[in-house]
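Asks: Before anything else, here's the structure in question.
The values are calculated or read from the model by the stated rules, or taken from the named source; none is laboratory data. Quick caveat, the model's predicted, so the values are computed rather than measured. Neighbour counts run over all protein chains shown; Cβ positions are idealised from the backbone, glycine included.
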Amino acid sequence: MWSLILKRIGIGLITVVAVSLIIFIGTKILPGDAAQIRLGQNATPENVAAFRERLGLDQPLYIQYLSWLWDFVRGDLGHSLASDVPITNLIADRYLNTVYVSVLTAAIGVPVSLALGIMAAMFPGSLYDRVLTFVSVSLVAAPEFFTATLLVLIFVFSLGIGNAVVVGSAEGKGLFQLIAHFALPIATLSFVIASQLIRMSRAAVLNVMSSPYIEMAILKGVPRRRIILRHALLNAIGPIVNVVALNLAYLVTGVIVVEVYFGYPGLATLIVQGVQTRDFILIQGLGMIFCLTYVILMLIADIAAFASNPRLRHPK
Amino acid sequence: MKRNDPKFGQLGYSDSEILNHMVKRGASRRQVMGWMMAAGATATAAGTVFGTASEAWANTPKRGGKLIFAGDQHGPNDTLDPALFTSAVDYFRGRMFYGSLTRLTDSLGYEPELAEEVLSNDNATVWTFKLRKGVEWHDGKSFTADDVIYSMNRHMGADSVSNASSLVSMIDAWEKVNDHEVRAVLSSPNADLPIALGTFHFKILQDGTTDFSTAVGTGPYRVKEFKPGVRAVGVPFENYWGEGGYLDELEHYGIGDSVSRLNAFLAGDVDAMANLPPKAIDQVTGTAGRDVWSLKAGAYINIAPRLDMGGNNSSNAHVWKAMQLLQDRERLVRGVLKGQGSLGNDQPINAAYFDYCADLPQRELDPEKAKWHWDQTDIGSTAVPVVAAEVAPGAVEQCLFMQREAQKVGINFDVKKVTTDGYWGAVWLVEPIAVASWNMRPTANIMMTLAFAPSAAWNETRWENEQFEQLLVEVRGVTDPDQRRQMYCDLQTMIHEENGQALPAHRNYVDAVADHVGGLTHVPLNNFGGAEAPVSIYRKDA
């Protein structure tokens, strides 16, 4: 088991280094440079040159890469090209903001959707199953901005509750105040992840249900509920945990549309702003953080799968 | 009195100045209406204007309450360093926390702020600023001449990273006379210097400031919270020297997406929003308690061909003359800007400027004449590329309208739409024909110096005219009004006739504000009343 985990960690590290190289080269290929973008329409050759020198953009590429990677390992993401503020400062707040929303969404969305999905697997082909399938497939098809607009129209403009933008500070709020504050973004995101989780948990459980040992249990007369909860679910945990982890990673890194729509100062808005200002250092730092989030979450999912399923620990 | 409010378009620059003073001194309704009707206004118009003007003066600001103002783009490059300000969000925040030597008025004159008195010698080459005494910084220190010298020197010299250094490039040195007096010595006359110093970037910092994670200023609010790209929150500074800073809390941030910004404003999450999309104007005026906050301004959009490209000069001239004649200006202003703008006349100075020349005939859509010009070149039906980006409302449409009119007479333009990201660095001033969007500048001279003088870094068409540049420098020292007017008319005529860019429309700054916000300003240089509003805004229902 430990050797398996170490191997996974090793693969994770290689992924991180590979991604770091791609991120670095990618940001360098983009046209324009930070000095120019920073000065915008007001740039003259003289003040652009002065700015470039100040930011160290005149050094060779590989030196820029190596020093950046080394600083990253030490936890120093450098200073924002655009504003000269340490990137860690910029990210810290926003990471917290993003975590608020994703944790709340996960805490509400994940258990509800898993329960709905497993219930659908208990009664495949029933009216409940068919309605749920229809609704979740429709939700997958609806883009986030559509769902968000619909929710804002219904709740903010028709019913007069909730916020159309979520910029205000979350500090000093209790759990229920937080949920109320973030209600619309959480609802939008829950719809997005719910549909996938419902479909996947239903499919995973049904997949196990068609295997011979379940048939055996049915023939022995074990009640259906007991078969699913006691026998099938444990074997289905692997794929379900993976989907949950992917969705959590999505909640941290991929919620650009929702954050921009609600004007919410999280990580995704930050990377959009970073791209707009050509803040290479910021984009690089965020890219690495996103990559680490993915690698770590997938690692946890793998470990959970190993722990729940002895057969994965002893591959033939 | 909303002096730059398009609703009162019938009043000229000087008229509104007079009216303002009359009402301020307590003139009666009868007196004002009599004066206005003598000036040619109808009775109803005069009544409305008096109503608004007196309402504005009758309302004394109330203290207390909180307001949230939402700008548009913000991000990690938000800064508290005035020299590096680039966005409207920066300008607004700067006004919350800092003060400047002079403050611009709605009619683009200036009034003293940290400088109590501004004096110049006869030919405007030496300016003396007598500084206000008893002004306190947010950290309790006293404001002195050293602070001014330090702040001003940051805009001087070739290695300055200031975004506004070109406005003060004629200053040779700043000298300290004593603790409460400084002097600027100029290499060439500049009668408009105190106006330039009232603009966004010349906010006064404490001597030796290098850390901009917070702001220690002399402004009406001090920093409670500042996070780049998240928000800025100000609370009143108890020892502010002047009148203003009425709110318990003033919060400012950007909402980049215009639909979200509008939603937030209509839902009441924010009290004012910048850059109302023209399409939403009717929606806002139709909503109770919400109104449009518009400034009649000299901002403009244009299409600039590079005269230094594309072969021989006589052929070039026919191309750009055709482009100017293919502009459907009426339609752009009515259809795209929804009336929140005015017709452009292929030169940058419009009625919002003091030195506007009204004698210039308006250039109009004339495809036949354009066709004649086109036939003098050997381009024929070959498509001419025009690069456009959505840098302002109408920037892309002006090209599309031109393309459509051109097609009717067999002229082909290939309009390439690119993203706004990186536009100013990679496309603007590089491509042979590209669009741009310009903010208004405080004076005609500054505008022309920045973008039309042959030596200007932003001379978009690379137009070269020695006579223009000489006149532009000469007029800065002219004090005789008639001579000055004539010279500015000549300058505007030269651009109109020879510069080569098509400038089809000037656009207003169009924001929206809730009715419970009082103390709005109307300085037509930027959003939110020229970013001057933070000092005077208050809650009427506080």
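Condition check ((1) touching a residue at least 60 places away in the same chain (Cβ under 8 Å); (2) touching a Cys at 6+ places or on another chain (Cβ under 8 Å); (3) among the aliphatic types (A, V, I, L, M)) across all residues:
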{"position": "B:123", "(1), (2), (3)": "yes, no, no"}
{"position": "B:142", "(1), (2), (3)": "no, no, no"}
{"position": "B:146", "(1), (2), (3)": "yes, no, no"}
{"position": "B:155", "(1), (2), (3)": "yes, no, no"}
{"position": "B:185", "(1), (2), (3)": "yes, no, yes"}
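Asks: Would you mind telling me which numbered condition in (1) among the basic types (Lys, Arg); (2) in contact (Cβ under 8 Å) with a residue 40 or more places away in the chain; (3) surrounded by fewer than 21 Cβ atoms within 10 Å (Cβ to Cβ) residue B:334 fails?
Replies: (2)
Asks: Based on this model, can you work out whether residue A:286 counts as within 14 Å of chain B (Cβ to nearest Cβ), over 24 Å from residue A:143 (Cα atoms) and part of a helix (DSSP H, G or I)? Outline the logic, then answer.
Replies: On the way: within 14 Å of chain B (Cβ to nearest Cβ): yes; over 24 Å from residue A:143 (Cα atoms): yes; part of a helix (DSSP H, G or I): yes.
Yes, satisfied.
Asks: Let me ask something else about it. In the range A:58-92, which residue that is surrounded by 16 or more Cβ atoms within 10 Å (Cβ to Cβ) and in a loop (DSSP other than H, G, I, E, B) is modelled with the highest pLDDT?
Replies: Checked the range A:58-92; the qualifying residue modelled with the highest pLDDT is A:77.
Asks: Before we move on, is residue A:294 within 14 Å of chain B (Cβ to nearest Cβ), within 17 Å of the chain's Cα centre (by Cα) and of a type in the set (Phe, Trp, Tyr)?
Replies: Working: within 14 Å of chain B (Cβ to nearest Cβ): no; within 17 Å of the chain's Cα centre (by Cα): yes; of a type in the set (Phe, Trp, Tyr): yes.
Taking the combined requirement at face value, the residue does not satisfy it.
Asks: Can you say whether residue A:180 is part of a helix (DSSP H, G or I), more than 23 Å from residue B:231 (Cβ to Cβ) and at pLDDT below 90, as far as the supplied structure shows? I'd like the intermediate steps shown before the answer.
Replies: Numbers: part of a helix (DSSP H, G or I): yes; more than 23 Å from residue B:231 (Cβ to Cβ): no; at pLDDT below 90: yes.
Taking the combined requirement at face value, the residue does not satisfy it.
Asks: Quick one: which helices (runs of 4 or more DSSP H) lie wholly within the range A:207-267 and hold at least 2 residues that are within 27 Å of residue A:312 (Cβ to Cβ)? Outline the logic, then answer.
Replies: On the way: elements: A:212-219, A:233-253, A:256-261.
The qualifying helices (runs of 4 or more DSSP H) are A:212-219, A:233-253.
Asks: Would you pick out the residues in the range B:152-166 that are more than 11 Å from every other protein chain (Cβ to nearest Cβ), in a loop (DSSP other than H, G, I, E, B) and among the hydrophobic types (A, V, I, L, M, F, W, C)?
Replies: The one that is more than 11 Å from every other protein chain (Cβ to nearest Cβ), in a loop (DSSP other than H, G, I, E, B) and among the hydrophobic types (A, V, I, L, M, F, W, C): B:156.
Asks: Here is a follow-up. Just wondering, is there one or more residues in the range B:134-143 that are touching a His at 6+ places or on another chain (Cβ under 7 Å) and either within 24 Å of residue B:91 (Cα to Cα) or not assigned by TED's automatic domain parsing to the domain that holds residue B:209 (or both)? Break it down stepwise before answering.
Replies: Kept after step one, since they are touching a His at 6+ places or on another chain (Cβ under 7 Å), are these residues of the range B:134-143: none.
No; the residues of the range B:134-143 include none that is touching a His at 6+ places or on another chain (Cβ under 7 Å) and either within 24 Å of residue B:91 (Cα to Cα) or not assigned by TED's automatic domain parsing to the domain that holds residue B:209 (or both).
Asks: Also, I was wondering about something else. Kindly list, by first and then second residue, each pair from a residue in the range B:253-266 that is touching a residue at least 60 places away in the same chain (Cβ under 8 Å) to a residue that is part of a loop (DSSP other than H, G, I, E, B) and among the charged types (D, E, K, R), limited to pairs with Cβ atoms under 6 Å and residues at least 6 apart or on different chains.
Replies: From residues that are touching a residue at least 60 places away in the same chain (Cβ under 8 Å), the pairs are B:254/B:72.
Asks: Could you tell me whether the range A:125-146 includes any residue that is closer than 23 Å to residue A:233 by Cβ and outside any helix (DSSP H, G or I)?
Replies: yes
Asks: Can you tell which of B:297, B:288 is of a type in the set (A, V, I, L, M) and in contact (Cβ under 8 Å) with a residue 12 or more places away in the chain? So that I can check it myself, show each step before the final result.
Replies: Working: B:288 fails: in contact (Cβ under 8 Å) with a residue 12 or more places away in the chain.
After ruling out the rest, the residue left standing is B:297.
Asks: Is there any pair with a first residue in the range B:68-86 that is more than 10 Å from chain A (Cβ to nearest Cβ) and more than 21 Å from residue A:91 (Cα to Cα) and a second that is in a strand (DSSP E or B) and of a type in the set (Ser, Thr, Tyr) whose Cβ atoms are under 9 Å apart and which are 6 or more apart or on different chains, and what are they?
Replies: B:69/B:253; B:71/B:253; B:82/B:100
Asks: Of everything in the range A:170-211 that's out of contact with any helix residue (DSSP H, G or I) (no Cβ under 7 Å at 6 or more places or on another chain) and among the aliphatic types (A, V, I, L, M), which residue is surrounded by the fewest Cβ atoms within 10 Å (Cβ to Cβ)?
Replies: A:175
Asks: Let me ask something else. In the range B:175-191, which residue that is surrounded by fewer than 23 Cβ atoms within 10 Å (Cβ to Cβ) and closer than 17 Å to residue B:478 by Cα is modelled with the lowest pLDDT? Reasoning before the result, please.
Replies: Of all residues in the range B:175-191, those surrounded by fewer than 23 Cβ atoms within 10 Å (Cβ to Cβ) come to B:175-181, B:183, B:185-189, B:191.
Now restrict to residues that are closer than 17 Å to residue B:478 by Cα: B:186-189, B:191.
Working: B:186: 94, B:187: 92, B:188: 88, B:189: 88, B:191: 84.
Within the range B:175-191, the match that is modelled with the lowest pLDDT is B:191.
Asks: Okay, next question. Restricting to the range B:314-327, name every residue that is polar (S, T, N, Q) and outside any helix (DSSP H, G or I). Outline the logic, then answer.
Replies: Let us first name the residues in the range B:314-327 that are polar (S, T, N, Q), namely B:314-316, B:324, B:327.
Answer for the range B:314-327, where residues must be polar (S, T, N, Q) and outside any helix (DSSP H, G or I): just B:327.
Rundown of residues vs (1) over 25 Å from the mean Cα position of the chain (by Cα); (2) surrounded by fewer than 21 Cβ atoms within 10 Å (Cβ to Cβ); (3) under 30 Å from residue B:346 (Cβ atoms), yes/no style:
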{"site": "B:223", "(1), (2), (3)": "yes, no, no"}
{"site": "B:243", "(1), (2), (3)": "no, yes, no"}
{"site": "B:265", "(1), (2), (3)": "no, no, no"}
{"site": "B:276", "(1), (2), (3)": "no, no, yes"}
{"site": "B:279", "(1), (2), (3)": "no, yes, yes"}
{"site": "B:292", "(1), (2), (3)": "no, yes, yes"}
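Asks: Among the residues of the range B:416-427, which ones are in contact (Cβ under 8 Å) with a residue 24 or more places away in the chain and either within 12 Å of another protein chain (Cβ to nearest Cβ) or among the β-branched types (Val, Ile, Thr) (or both)?
Replies: So in the range B:416-427, the residues in contact (Cβ under 8 Å) with a residue 24 or more places away in the chain come out as B:416-420, B:423, B:427.
Within the range B:416-427, B:418, B:419, B:420, B:423, B:427 meet the criteria.
Asks: Here's a follow-up. If you go through the range B:328-379 one residue at a time, how many are of a type outside the set (Phe, Trp, Tyr) and assigned to a loop (DSSP other than H, G, I, E, B)?
Replies: Taking the range B:328-379 and keeping what is of a type outside the set (Phe, Trp, Tyr), we get B:328-352, B:355, B:357-371, B:373, B:375-379.
Keeping just the survivors that are assigned to a loop (DSSP other than H, G, I, E, B) gives B:328, B:337-340, B:344-352, B:355, B:357-366, B:376-379.
Of the residues in the range B:328-379, 29 are of a type outside the set (Phe, Trp, Tyr) and assigned to a loop (DSSP other than H, G, I, E, B).
Asks: Residue by residue through the range B:457-483, note down the ones that are basic (Lys, Arg) and surrounded by fewer than 17 Cβ atoms within 10 Å (Cβ to Cβ). Quick ask: steps written out before the conclusion?
Replies: The first filter runs over the range B:457-483 and keeps only residues basic (Lys, Arg), leaving B:462, B:476.
The one that is basic (Lys, Arg) and surrounded by fewer than 17 Cβ atoms within 10 Å (Cβ to Cβ): B:462.
Asks: Identify, by number, the condition in (1) surrounded by 21 or more Cβ atoms within 10 Å (Cβ to Cβ); (2) modelled with pLDDT under 95; (3) touching a Lys or Arg at 6+ places or on another chain (Cβ under 8 Å); (4) not aliphatic (A, V, I, L, M) that residue B:234 doesn't meet.
Replies: It is condition (2) that residue B:234 fails.
Asks: Just to verify a result, which residue in the range B:488-511, among those that are within 28 Å of residue B:258 (Cα to Cα) and in contact with a Phe, Trp or Tyr (Cβ under 6 Å, 6 or more places away or on another chain), is surrounded by the fewest Cβ atoms within 10 Å (Cβ to Cβ)?
Replies: Applying the filter and picking the extreme gives B:506.
Asks: Still on this model: Confirm whether residue B:251 is at pLDDT 90 or above, surrounded by fewer than 19 Cβ atoms within 10 Å (Cβ to Cβ) and not aliphatic (A, V, I, L, M).
Replies: no
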